[in-house]
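Let me begin by presenting the structure, written as structure tokens, before commenting on it.
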Amino acid sequence: MELSNPLISEYTWANKPSVAPLGQIICVTDIGENGILCRGDGAKWIRMHQINLYNLATPVVLTGTTSETTMLTVSIPASLMNKRGRLNVLGLMILTNNANLKTLKVKFGGQTLATVTSTSQAALGFSTWLLNLNSETSQKNGNAVSFTIDTTIANDFVITGQLANAGDTVTLTAVSMEII
């Protein structure tokens, strides 16, 4: 879709200009649902609004193994969070309703942000967040755990699952990620 403002140029995240003139606005077309607007601060491109970055379109099923298994991977582009950005994640999983342990881990940049465990439940929702603390290399999560993940480089957001009994099932039915 063409922009109606001829002063705003369109780019992808990878080919946006390396120079970010103070006050210049660009549209990055390959991030979020309909692209995002970024404003130059004289050094970097800063997002102008929150981004609905990812919504799970098809359920992901884990069964038949007791090994920790990657169920979802989403790449977060370098510097998209900015120095005061926050990654919010909401999810829902459907489980075999028995006494066997089912474990889900939410990871970012190789670090575990949250671990969700369940027994004797048919469904379980989860949420977590990671906040950059006025730095792109210093964060805290919702459990007040400190991290030093370099968000100036691309990082993978990963959800893994593990079953105590290979005959059980965990199904990720919903995952929504936004960057504020």
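The values are calculated or read from the model by the stated rules, or taken from the named source; none is laboratory data. Because the structure is a prediction, the values reported are computed rather than measured. Virtual Cβ from ideal backbone geometry, glycine too; neighbours counted across all protein chains shown.
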Quiz item: Of the residues Thr58, Thr73, Thr103, Thr65, which single one is loosely packed, with under 13 Cβ neighbours inside 10 Å, under 22 Å from Gly142 (Cα atoms) and at pLDDT 95 or above?
Solution: Thr73
Self-check item: Only one of Asn52, Asn82 that is modelled with pLDDT under 95, outside any loop (DSSP other than H, G, I, E, B) and among the polar types (S, T, N, Q)
Solution: Asn52
Exercise. Kindly indicate the residue of segment 106-124 that is of a type in the set (Ser, Thr, Tyr) and part of a loop (DSSP other than H, G, I, E, B) and also surrounded by the most Cβ atoms within 10 Å (Cβ to Cβ) among those meeting that condition.
Key: Thr119
Exercise. Given the conditions (1) in a loop (DSSP other than H, G, I, E, B); (2) under 18 Å from Glu136 (Cβ atoms); (3) of a type outside the set (Gly, Ala, Ser), report the number of the one that Asn88 does not fulfil.
Key: (1)
Quiz item: Quick one: is Ser127 outside any strand (DSSP E or B) and surrounded by fewer than 17 Cβ atoms within 10 Å (Cβ to Cβ)?
Solution: no
Exercise. Output the residue which, of all residues in segment 17-49 that are of a type in the set (Gly, Ala, Ser) and within 30 Å of Leu172 (Cα to Cα), is modelled with the lowest pLDDT.
Key: Gly32
Self-check item: Residues being assigned to a loop (DSSP other than H, G, I, E, B) and surrounded by fewer than 17 Cβ atoms within 10 Å (Cβ to Cβ) - total across segment 130-180
Solution: 19
